[in-house]
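The values are calculated or read from the model by the stated rules, or taken from the named source; none is laboratory data. As the structure is a prediction and not an experimental result, all values here were calculated from the model. Backbone-built Cβ (ideal geometry, glycine too); neighbour counts: all protein chains shown. When the accessible area is computed, the model is the full protein with side chains, heavy atoms only, and any ligands, DNA or RNA have been set aside. Shrake-Rupley method; radii C 1.70, N 1.55, O 1.52, S 1.80 Å.
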Amino acid sequence: MARYIAVAIALSILEMATCTVRFSNLSYELNPEYIKGTINVKIDKEVYSIGLNADVLKRIDGMFWVMPVFSKKIKDSYVPLVDLKLDTCKTDPTLVENPVIRLIAAEAKKFVSFGLMCPYEPGHYTVNDFTIDNNNAMMNFIPKGSYHVSINTHHQSFGSNDLNKVMSLSFYADFE
């Protein structure tokens, strides 16, 4: 009996390892005082990716809050699995305790033209066709299904009490 259970677990992990990730329904909002540019979904030979081509217009330092929410569809609604607030001026996203955030940060580093920690200087920034590599070991632990991802970012300069929205991003991801 234990042998059958082990085989079933191995097959389910193998099935998840060959997962395809599809992005859809991308929407975003950029604060024109901070950033101008575009974010888009690209499909190339059944590989879905997200790209960013933007100009940061002012220095971002002090506190830069990144607030990702990663929700899984269960029955008819999305239930948050990850909902956190991360100050990237103080914490490297690749070193946070949450394994899903570490996975996304580690994958993001492969596609970005900038560091994941602030400060961010004015200039041109790109994300070149971000996708999640299905060879990444963490993919074995993300069950197939429909997910909603939203990311909101806010900036608070040194000595300021103002929390300014920089950008928001929302999309759906199907792990098939």
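Consider segment 138-160 and keep the residues that are of a type in the set (S, T, N, Q) and modelled with pLDDT of 90 or more. The one that is surrounded by the most Cβ atoms within 10 Å (Cβ to Cβ) is Thr153. Exactly one residue out of Pro99, Pro93 is touching a helix residue (DSSP H, G or I) at 6+ places or on another chain (Cβ under 9 Å), open to solvent by 50 Å² or more (accessible area, probe 1.4 Å) and not hydrophobic (A, V, I, L, M, F, W, C): that is Pro99. Scanning segment 63-119 for residues that are of a type outside the set (Lys, Arg), touching a residue at least 12 places away in the same chain (Cβ under 8 Å) and in a helix (DSSP H, G or I) turns up Pro93, Thr94, Pro99, Val100, Ile101, Leu103, Ile104, Ala105, Ala106, Glu107, Ala108.
Set side by side, the residues Glu107, Glu97 differ, and just one is at pLDDT 75 or above, acidic (Asp, Glu) and within 16 Å of the chain's Cα centre (by Cα), which is Glu97. Against the definition (in contact with a Leu (Cβ under 9 Å, 6 or more places away or on another chain) and either open to solvent by 30 Å² or more (accessible area, probe 1.4 Å) or farther than 17 Å from Ser168 by Cα (or both)), how does Lys109 come out, yes or no? For Lys109, the condition - in contact with a Leu (Cβ under 9 Å, 6 or more places away or on another chain) and either open to solvent by 30 Å² or more (accessible area, probe 1.4 Å) or farther than 17 Å from Ser168 by Cα (or both) - is met. Restricted to segment 45-57, and to residues there that are under 30 Å from Asn161 (Cβ atoms) and open to solvent by less than 40 Å² (accessible area, probe 1.4 Å), the residue that is modelled with the lowest pLDDT is Leu52. Among the numbered conditions (1) loosely packed, with under 14 Cβ neighbours inside 10 Å; (2) at negative phi, the only one that Ile60 does not meet is (1). Restricting segment 1-44 to residues that are modelled with pLDDT of 75 or more and among the charged types (D, E, K, R), the residue that is nearest to Asn128 (Cα to Cα) is Lys42.
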